[in-house]
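What follows is a short report on a single structure.
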């Protein structure tokens with residue numbers, strides 16, 4: 001799988017000085033609520049944490065799409081370009097496999113549910129992104145376009161944006177990929193700001209989950225969310 005420079009027609013995160021947080025997507029300014037129905041649900045941004053709270057008492061949010069198979073029979077394929085990414089890819093898979101008997105990924109060379117890759121998307125405001133099977137364009141290759149009756153209809157590919165991720169250690173790379181695998185399993189963002197680290201999940205922003213709290217393995221609320229799905 002070839003990495004490409006996806007600088008045109010891409011996602012950027014803006015932080016206005018007042019009013020509701022807005023996002024720019026392919027030339028269109030979207031409100032937070034509308035954006036969440038599009039690509040932000042599968043992007044881990046490099047910006048400071050945004051504030052969204054889980055609805056109700058549950059401490060996880062769901063995308064509305066998941067794998068149409070048992071969670072303990074999932075398959076993944078490595079598309080990384082070096083050990084700097086290969087190792088965190090393996091550790092991210094191990095982290096999810098160790099989190100619950102209901103999630104088990106096996107590495108394969110074909111027929112994977114999930115691919116893991118690194119590529120240079122340029123100075124876009126995300127550390128990682130989940131795209132469709134051969135997707136390399138965050139603007140057009142959102143896997144939610146390939147969701148039918150609540151299930152993914154093709155392989156997903158979880159990417160590191162090496163433009164940013166090259167500069168962080170393996171533990172941070174693992175944190176990013178655990179987050180993206182969470183999306184592939186069906187978890188949506190649960191973004192907080194300044195809460196106790198015991199309440200911060202892997203589906204939070206990079207600044208919250210890793211920079212502030214040091215998390216790089218699934219938290220209890222992430223596990224509970226996946227266990228409701230598989």
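Quick note: the coordinates plus some simple rules give every number you see, no bench work behind them. Model, not experiment: these values are computed from the prediction. Note that each Cβ is placed from the backbone with ideal geometry, even for glycine, and that neighbours are counted across all protein chains shown.
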*Going through the stretch 121-136 one residue at a time, which ones are buried (at least 19 other Cβ atoms within 10 Å of the Cβ) and over 20 Å from residue 92 (Cβ atoms)?*
124, 125, 136
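In the stretch 137-167, how many are within 20 Å of residue 118 (Cα to Cα) and either surrounded by 15 or more Cβ atoms within 10 Å (Cβ to Cβ) or under 15 Å from the mean Cα position of the chain (by Cα) (or both)?
Result for the stretch 137-167: 18.
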*Complete set of residues in the stretch 182-200 that are at negative phi and touching a strand residue (DSSP E or B) at 6+ places or on another chain (Cβ under 6 Å)*: 183, 184, 188, 190
*Selection status of residue 163, in a helix (DSSP H, G or I) and farther than 27 Å from residue 228 by Cβ*: yes
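Yes/no per residue for (1) over 15 Å from the mean Cα position of the chain (by Cα); (2) farther than 23 Å from residue 200 by Cα; (3) surrounded by 15 or more Cβ atoms within 10 Å (Cβ to Cβ); (4) without any contact (Cβ under 8 Å) to a residue 12 or more places away in the chain:
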| site | (1), (2), (3), (4) |
| --- | --- |
| 64 | no, no, no, no |
| 69 | yes, yes, no, no |
| 96 | no, no, yes, no |
| 99 | yes, no, yes, no |
| 109 | yes, yes, no, no |
*Return yes when residue 211 is part of a loop (DSSP other than H, G, I, E, B) and more than 12 Å from the chain's Cα centre (by Cα) and no when it is not.*
no
_Unmet criterion (only one of (1) surrounded by fewer than 24 Cβ atoms within 10 Å (Cβ to Cβ); (2) within 20 Å of residue 93 (Cβ to Cβ)) for residue 197_ = (2)
*Residue list for the stretch 134-160, filter: outside any strand (DSSP E or B) and either out of contact with any strand residue (DSSP E or B) (no Cβ under 8 Å at 6 or more places or on another chain) or within 14 Å of residue 65 (Cβ to Cβ) (or both)*: 140, 142, 143, 144, 145, 146, 149, 150, 153, 154, 155
